[in-house]
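The values are calculated or read from the model by the stated rules, or taken from the named source; none is laboratory data. Keep in mind that what you see is a predicted model, and the values were worked out from it rather than measured. Here the Cβ is made from the backbone with ideal geometry for all residues, glycine too, and neighbour counts use every protein chain on show.
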Amino acid sequence: MKRPEVLGDVPLWILTLRAYTIALKNLENMPKAKKEQHLKVILEGWSTVMLYACIAFKEIIEKREIQLGSVKFKFDLPKDIDARVVRIIFLHIPIVISDIVRRDLGSEKLAVQLRNENLASTLSDLFLQTSVYADLKLDEYLKQLKALKGNYVLDNGDRICMMRAWGADHVRSAKSCLHRR
């Protein structure tokens, strides 16, 4: 049986990013600084995937279709789709991306690098970094959540998204860390 061929630049780019992510997790004899450099690039890559997924979502809602490479997808959405449903679907984009990152990158081997405060250059990068750190329940992960809250004023949608991304056993902790200022 032959493996199906991956078509288009976007799927190949995501497949390559996943391979890079998994490779970093499994590399052991690499200096800390070099691992941090690679981790920074990986977080930026997944943040970019998150951004493009949000842009694609907007296109799908507005035009009811999207073209990825040579394939055109048409969506049969109701004309009067409930805004709450759209918002819930939209809020799941970072959740899905952070879940992929956690599964592909999540390892105690990267605990030192994930603690680095200077690793993330954007809020999206920081969200992914903190999500992996909290999901692994590494030492003082609640401090990481509080630090994220301290650096950014989060609206209700961000809080819902972050609490959902960190899973049911983090909800109570996240709620206490992410209350409105």
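When K137 is tested against the conditions (1) farther than 23 Å from P31 by Cβ; (2) at pLDDT 50 or above; (3) in a helix (DSSP H, G or I), the lone failure is (3). Of all residues assigned to the range 28-36, none qualifies as being surrounded by 11 or more Cβ atoms within 10 Å (Cβ to Cβ), of a type in the set (A, V, I, L, M, F, W, C) and more than 30 Å from Q113 (Cβ to Cβ).
Among I81, I55, I89, I97, which is more than 30 Å from N29 (Cβ to Cβ), surrounded by 12 or more Cβ atoms within 10 Å (Cβ to Cβ) and β-branched (V, I, T)? It is I89.
The set of residues from the range 32-49 being among the aliphatic types (A, V, I, L, M) and at pLDDT below 90 comprises just one member, A33. Filter the range 1-15 for residues that are out of contact with any helix residue (DSSP H, G or I) (no Cβ under 9 Å at 6 or more places or on another chain) and either part of a helix (DSSP H, G or I) or hydrophobic (A, V, I, L, M, F, W, C) (or both); which is surrounded by the fewest Cβ atoms within 10 Å (Cβ to Cβ)? Taking the candidates together, the pick is M1. Of all the criteria given as (1) in contact with a Gly (Cβ under 7 Å, 6 or more places away or on another chain); (2) modelled with pLDDT of 85 or more, the one not satisfied by H92 is (1). Is it the case that R102 is within 28 Å of A23 (Cα to Cα), modelled with pLDDT of 70 or more, assigned to a helix (DSSP H, G or I) and basic (K, R)? In short, yes. Restricting the range 37-52 to residues that are within 15 Å of I97 (Cβ to Cβ) and among the aliphatic types (A, V, I, L, M), the residue that is surrounded by the fewest Cβ atoms within 10 Å (Cβ to Cβ) is L51.
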